[in-house]
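To keep things clear, I will list the structure first and then write my remarks on it.
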Amino acid sequence: MCGIVGYSGEKNASELLPSCLRKLDYRGYDSFGFAVQANPTIAVEKHAGRLDGFTSQLPESKLGIAHTRWATHGSVTEKNAHPHMSCDGSIAVVHNGIIENYSELREQLKQQGHKFVSETDSEVIPHLIEGLLAQGKSFEEAVRETCDSLQGTFALLILNKESNKLVAARKGSPLVIGVGKNENFVASDVTAFIEFTKDVIFLDDNELAIVDGNVEVQNFSTGKKLDKKVSKIEWDAEQAEKSGYKHFMLKEIFEQPEAAQKCLQGRIKDGKVVLPELEGRDEKLKEINRVIIVACGTSWHAGLVAEYIMEELVGLPVEVEYASEFRYRNPIVDDKCLVIVVSQSGETADTLAALREAKKKGALVISICNVMGSTIARESHSTIYNRAGPEIGVASTKAFTTQLIVLTLVSLYLADLIKSNPLEKQREILSALQEIPDKMQQTVDESNQVLAIAKKYWEKPNALYLGRGPNFPIALEGALKLKEISYLHAEGMSAAEMKHGPIALIDSDMPAIFVAVKDKTYNKILANIEEIKARGGTVIAVASPADKEMEGNVAEVMHIAKTIELLQPLLTVLPLQLLAYYIADIRECDIDKPRNLAKSVTVE
Ligand code: AGP
């Protein structure tokens with residue numbers, strides 16, 4: 001996730017901005033840059049890499065903007081780092097978000113003679129403003145019109161060499177103004193400037209702010225001036241980094257609606273899935289007769305859920321393999337086989353080795369990664385990014401749900417390509433998928449019901465997680481989450497397998513957590529629940545909304561929002577993530593950095 005900061009005031013922006021930008025470190029980044037007003041020009045400095053040890057070469061200035069980039073369009077290079085400039089160097093822009101219509105805009109601008117130097121979507125913005133200024137528009141008018149012409153999401157900071165103001169605009173990406181004494185800040189979040197001021201104005205979508213000694217906010221579509229409230233931040237600097245959440249994991253759990261939105265953005269058009277990442281691969285994809293998904297840990301669980309979705313939608317056999325096992329077998333793979341490699345970090349050693357093995361055997365390899373430019377992304381034939389933003393907590397949460405979304409999109413893409421499913425069915429799934437961010441929000445909004453359950457059961461030393469169909473891998477994922485952050489023993493399995501042995505474990509110290517939503521195995525699950533209760537076990541259920549029958553049958557219920565059967569795993573996992581989090585928190589575990597674990601497992 002990119003981070004942006006702007007400053008206008010009495011201090012030297014060239015010295016101040018690097019230290020503000022460092023406060024946004026936790027957002028993750030791969031390159032950075034600055035622009036300051038250096039009358040009569042704008043001075044710019046950009047670098048690929050990290051801010052560690054960086055000292056600015058910029059001239060002294062009272063006005064500037066800065067950016068850390070988390071690459072989404074174009075590789076990690078100095079040229080792709082922000083700020084981006086207009087042809088004449090008079091406009092500098094930093095951008096957080098994704099401009100969906102950038103390729104059309106770029107073509108139009110090129111035809112008008114604009115020259116582009118980067119591969120980014122963001123670079124269209126300074127050129128659009130430059131074009132409008134050339135038509136005689138004022139700086140503010142030019143920014144307003146530009147904002148109106150952009151599709152997608154953005155938080156923007158803009159400098160114009162002719163003006164001593166900076167302009168900020170927001171649509172879909174966060175932006176907050178810090179109101180200080182004789183100085184003002186604008187940033188992606190308050191962490192960047194909290195040591196200087198705790199008085200803030202949160203910008204809303206479609207708003208633009210003109211920042212100099214004063215702050216003026218207006219709606220960029222109507223130009224109407226707005227009377228915005230100044231709020232007081234109550235957090236300290238450390239809490240601010242986590243946007244007020246106690247841990248990154250909790251922040252990332254609650255970020256899932258936004259991450260899902262970003263993951264879907266621009267990927268569904270006119271009732272179809274659009275994946276430019278697969279461009280040029282259609283002929284090969286039409287020939288495949290088998291899909292193998294390889295991954296480790298939570299990413300493997302995403303693959304297991306996808307097995308159900310893909311087999312139902314695409315009608316091809318799907319196998320899901322631990323990357324570590326795949327690489328040491330002699331897997332039957334040929335050029336009719338599609339291998340999908342799933343890895344949040346893109347650096348997991350076993351997954352990388354499996355990818356190389358699959359390529360050697362002639363398979364087409366598509367990876368699903370969250371980290372741009374990671375080794376797995378670079379070595380795959382095509383990569384589709386999750387766009388979840390950096391995941392800092394070791395326990396994977398938003399990466400998991402966005403992996404599931406990408407896997408669903410790939411399934412629908414293949415279904416459309418090989419005509420394996422009626423169009424209406426695909427459309428029905430697509431429209432439910434577009435509602436998922438809202439449904440996720442409704443589900444995490446019920447976090448209090450999960451906290452109450454955690455408070456009751458946190459001392460139990462064991463837990464069984466049970467589910468059927470696409471919710472069986474969610475039971476595995478729920479158990480893994482509890483294990484890795486609370487160090488409690490938990491086992492996940494198919495609810496149907498319980499009677500083949502594990503039921504012997506049931507006693508009052510082993511709560512059984514069932515994913516028991518309304519689907520085709522609902523009645524079977526109800527029978528499994530009775531089997532547990534008959535043996536003195538306690539049942540906690542993840543249930544469909546207003547399922548009174550379930551409420552009457554079990555000790556505790558965590559409800560999810562309503563969606564279609566195939567997409568339920570995107571919601572059923574949320575209370576299980578929260579349950580693991582709250583139990584680990586009550587047990588005072590080191591949640592973001594659990595013992596013995598690393599975020600990216602680069603050893604075999
Ligand atoms: C999940 O919470 C884990 N920390 C772990 O299982 C992880 O999913 C696994 O190591 C794979 O990582 P990757 O997605 O980065 O390849």
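The values are calculated or read from the model by the stated rules, or taken from the named source; none is laboratory data. Given the structure is predicted, the values throughout are model-derived calculations rather than measurements. All Cβ positions, even for glycine, are placed from backbone atoms using ideal geometry, and neighbour counts span all protein chains on display. For the accessible areas, the whole protein counts, side chains as well, though only heavy atoms, and no ligand, DNA or RNA atoms are used. Shrake-Rupley method; radii C 1.70, N 1.55, O 1.52, S 1.80 Å.
Considering only region 353-376, how many residues are assigned to a helix (DSSP H, G or I), open to solvent by 10 Å² or more (accessible area, probe 1.4 Å) and in contact with a strand residue (DSSP E or B) (Cβ under 8 Å, 6 or more places away or on another chain)? Steps first, answer last, please.
The initial filter retains those residues of region 353-376 that are assigned to a helix (DSSP H, G or I), namely 353-360, 375-376.
Filter again for open to solvent by 10 Å² or more (accessible area, probe 1.4 Å), leaving 353, 356-357, 359-360, 375.
Keeping just the survivors that are in contact with a strand residue (DSSP E or B) (Cβ under 8 Å, 6 or more places away or on another chain) gives 359.
Of the residues in that region, 1 qualify.
Within region 316-351, the set of residues being free of Cβ contacts under 8 Å to residues at least 40 places away in the same chain and either within 9 Å of the ligand (Cβ to nearest atom) or not assigned by TED's automatic domain parsing to the domain that holds T408 (or both) comprises A323, G346. Is at least one residue of region 125-143 over 23 Å from S221 (Cα atoms), in a loop (DSSP other than H, G, I, E, B) and not assigned by TED's automatic domain parsing to the domain that holds M372? Checking region 125-143: not a single residue is over 23 Å from S221 (Cα atoms), in a loop (DSSP other than H, G, I, E, B) and not assigned by TED's automatic domain parsing to the domain that holds M372.
One line per residue, one yes/no per condition, for (1) away from the ligand (no atom under 16 Å from the Cβ); (2) within 15 Å of the chain's Cα centre (by Cα):
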residue	(1), (2)
T402	no, yes
L407	no, yes
Q426	yes, no
P437	yes, yes
M440	yes, yes
V444	yes, no
Q449	yes, no
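Mind listing just one residue for me: the one in region 1-58 that is touching a strand residue (DSSP E or B) at 6+ places or on another chain (Cβ under 7 Å) and of a type in the set (S, T, Y) and, of those, surrounded by the fewest Cβ atoms within 10 Å (Cβ to Cβ)? In this case the residue turns out to be S56. Entry remark, region 422-460: residues being of a type in the set (D, E, K, R) and closer than 24 Å to L412 by Cα number 7 in total. Given the criteria within 12 Å of the ligand (Cβ to nearest atom) and more than 16 Å from the chain's Cα centre (by Cα), does A388 qualify? Taking the combined requirement at face value, the residue does not satisfy it.
Counting just the residues of region 502-542 that are open to solvent by 40 Å² or more (accessible area, probe 1.4 Å) and either on the phi > 0 side of the Ramachandran plot or in a loop (DSSP other than H, G, I, E, B) (or both), which one comes out modelled with the lowest pLDDT? First the steps, then the outcome.
The initial filter retains those residues of region 502-542 that are open to solvent by 40 Å² or more (accessible area, probe 1.4 Å), namely 504-505, 507-509, 518, 520, 523-524, 527, 530-531, 533-536.
With either on the phi > 0 side of the Ramachandran plot or in a loop (DSSP other than H, G, I, E, B) (or both) added as a condition, the list becomes 507-509, 518, 520, 535-536.
Numbers: D507: 87, S508: 84, D509: 87, K518: 96, K520: 93, R535: 89, G536: 89.
Selected residue: S508.
Take region 384-436 and flag every residue that is modelled with pLDDT of 95 or more, among the β-branched types (V, I, T) and not in a helix (DSSP H, G or I). Of everything in region 384-436, those that are modelled with pLDDT of 95 or more, among the β-branched types (V, I, T) and not in a helix (DSSP H, G or I) turn out to be I384, T397.
In the set A260, A306, A302, only one residue is under 17 Å from N421 (Cβ atoms), small (G, A, S), assigned to a helix (DSSP H, G or I) and in the same structural domain as S380 (by TED's automatic domain parsing); that residue is A306.
Considering S396, S486, S411, which residue is in contact (Cβ under 8 Å) with a residue 24 or more places away in the chain, small (G, A, S), within 16 Å of the ligand (Cβ to nearest atom) and within 30 Å of K272 (Cα to Cα)?
Exactly one of S396, S486, S411 is in contact (Cβ under 8 Å) with a residue 24 or more places away in the chain, small (G, A, S), within 16 Å of the ligand (Cβ to nearest atom) and within 30 Å of K272 (Cα to Cα), namely S396.
Scanning region 555-570 for residues that are in contact with a Phe, Trp or Tyr (Cβ under 9 Å, 6 or more places away or on another chain) and either crowded, with 21+ Cβ neighbours inside 10 Å or among the hydroxyl-bearing types (S, T, Y) (or both) yields L566, P569. Residues in region 234-265 that are surrounded by fewer than 17 Cβ atoms within 10 Å (Cβ to Cβ) and not polar (S, T, N, Q): E234, W235, D236, A237, E238, G244, Y245, K246. Taking region 180-257 as the region of interest, the strands (runs of 3 or more DSSP E) fully inside it that hold 1 or more residues being touching a Phe, Trp or Tyr at 6+ places or on another chain (Cβ under 9 Å) are 183-187, 199-202, 207-211. In this structure, is R329 in a helix (DSSP H, G or I), over 24 Å from T402 (Cβ atoms) and not acidic (D, E)? When the stated conditions are applied, R329 does not pass them.
Residues in region 469-486 include none that are closer than 20 Å to V305 by Cα, assigned by TED's automatic domain parsing to the domain that holds G536 and outside any helix (DSSP H, G or I).
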